[in-house]
Amino acid sequence: MKWESIQKAYPDDAAGVQLARKIYELVQESMKAIDIPRLDSLNQVEGSMMQLPFSSLAKVCLHIWKQSFEEEPAIDMEQALASFIKDETLAEIPEETRDAAAMVIRPVVTSYMSTLRELNQDLVSSAWNSGTCPFCNAYPRIALDSETSRKLSCLLCGQDWDFPRIKCPYCGNNDHETLGYFEAEEIEGVRVYYCDKCKHYIKVIDTRERAVQDTETEDVITLVMDELARQEGYL
Ligand SMILES: [Zn+2]
Ligand SMILES: [Zn+2]
C-alpha cells in the first residue's frame, strides 16, 4: 500500500487517510500472532472460505477497533467478518457502522488471505482460465493491461492471473456487442470494462499509460471510477 499516493489522491480527507494508515499498520503488527496453516488442498479455501479462523480474526478486529476509535464496536465482529466474506459491501451490518467496519475488517481479511496464499502458493494452478481467483475463488475487481496480456488481480488474497481481454470474468460472456468500456477525464489510463449481459464491471489499469504501484493502492485511488460504474447501473 502506497500511502503517499493515497494521500495525494484525497487531499481533502487527510485525517481519514491517516486513520486508515494507522489501522493498516496495526493490522500488520497484530497479524503476526495469528497462526496461518499449510493447506492440503485449495478445497479448504474455495467457495465460502468458511475455513477462516473467525474467532481469532474477530479478536484482532476488536483490539484494533478499540485502539482506533476509542470505543467498543456496536456490532458482533464474527458476524461482520462473515458478512464481509459473503459480500464485501457489508450489507448485513448497520449503515452507520459500515465504513468503520470496512476500515478494520478489510485489512485483517486481506492480510490473512495474502499470507495464506503466499504460504500455499505451490497449490495454485498456473493453467487457470476461469474468471474467479485460482486461490480463493473471489471475483476480481481490478485488472492490469499490458502490451501482450490482461492480468486479473484478486484484492482479497493478492493472486493475479491471465485472462482474455474480450471476456467477462463474471459470466464468461465474450460477445463484443454486449461488452464495452468507458473512461473518465480526471483519471488517465483507467477504464471501466462492463458487461451488459450480467451487469458487472471491472476496473482496468493500462500499464502502458500509467505507472502502477500495486493493485491495492490503484483500487483505492481510482474509487471515482467505481462511483461512475455504479451510477451507470453496474455492480
Ligand atoms: Zn484470491
Ligand atoms: Zn458478464
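Taken together, the values in this text are just the output of simple stated rules run on the coordinates, not laboratory data. What you see is a predicted model, and the numbers here were worked out from it, not measured in a lab. Cβ placement follows ideal geometry from the backbone for every residue including glycine, while neighbour counts extend to all protein chains displayed.
The table below gives the values:
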read-out: Under Karplus coefficients 6.51, -1.76 and 1.60, residue-wise ³J(HN,Hα) of the stretch 75-84 in Hz, glycine/proline x; value: 9, 7, 5, 5, 5, 5, 4, 4, 5, 5
read-out: Dipole moment magnitude, nearest 20 debye, the chain about Cα centre, only Lys, Arg, Asp, Glu C-beta charged; value: 560
read-out: Cα-based helix-to-principal-axis angle, 95-119 vs the chain, degrees rounded to 10; value: 80
read-out: Cβ-based net charge around residue 200, under 13 Å, with every Lys or Arg adding one and every Asp or Glu removing one; value: +3
read-out: Neighbour-count ranking [beta-carbon atoms within 10 angstrom, fewest first] of 163, 54, 135; value: 54, 163, 135
read-out: Two-site FRET efficiency, residue 43 against residue 166, from Cβ-Cβ distance with R₀ of 22 Å, rounded to 0.05; value: 0.10
read-out: Sum of side-chain charges, residue 60 neighbourhood, beta-carbon under 13 Å (Lys, Arg +1; Asp, Glu -1); value: +1
read-out: Aspartates and glutamates with Cα under 17 Å of residue 86, excluding same-chain neighbours fewer than 8 positions away; value: 46, 76, 78, 95, 99
read-out: Principal-axis tilt of helix 54-69 within the chain, Cα atoms, nearest 10 degrees; value: 80
read-out: Cut-off 10 Å between beta-carbons: net charge of the residues surrounding residue 234, Lys and Arg +1, Asp and Glu -1; value: -1
read-out: Among the listed pairs 2/32; 2/151; 2/197; 32/167; 22/197; 2/59, those beyond 30 Å (Cα-Cα); value: 2/197; 32/167; 22/197
read-out: Normalised convex hull volume, the stretch 142-231, alpha-carbon set, Å³ per residue; value: 100
read-out: The stretch 1-147 - Rg and Dmax from Cα coordinates, angstrom; value: 16.3, 50
read-out: Values of log10 I(q)/I(0), in the order q = 0.18 Å⁻¹, for the stretch 115-160 under a Debye, Cα-only, solvent-free model; value: -0.52
read-out: The stretch 30-88 shape via C-alpha gyration tensor axes, a/c threshold 1.5; value: oblate
read-out: Ellipsoid semi-axes in whole angstrom, largest first, where each is sqrt(5λ) of the Cα gyration tensor of the stretch 178-235; value: 20, 11, 10
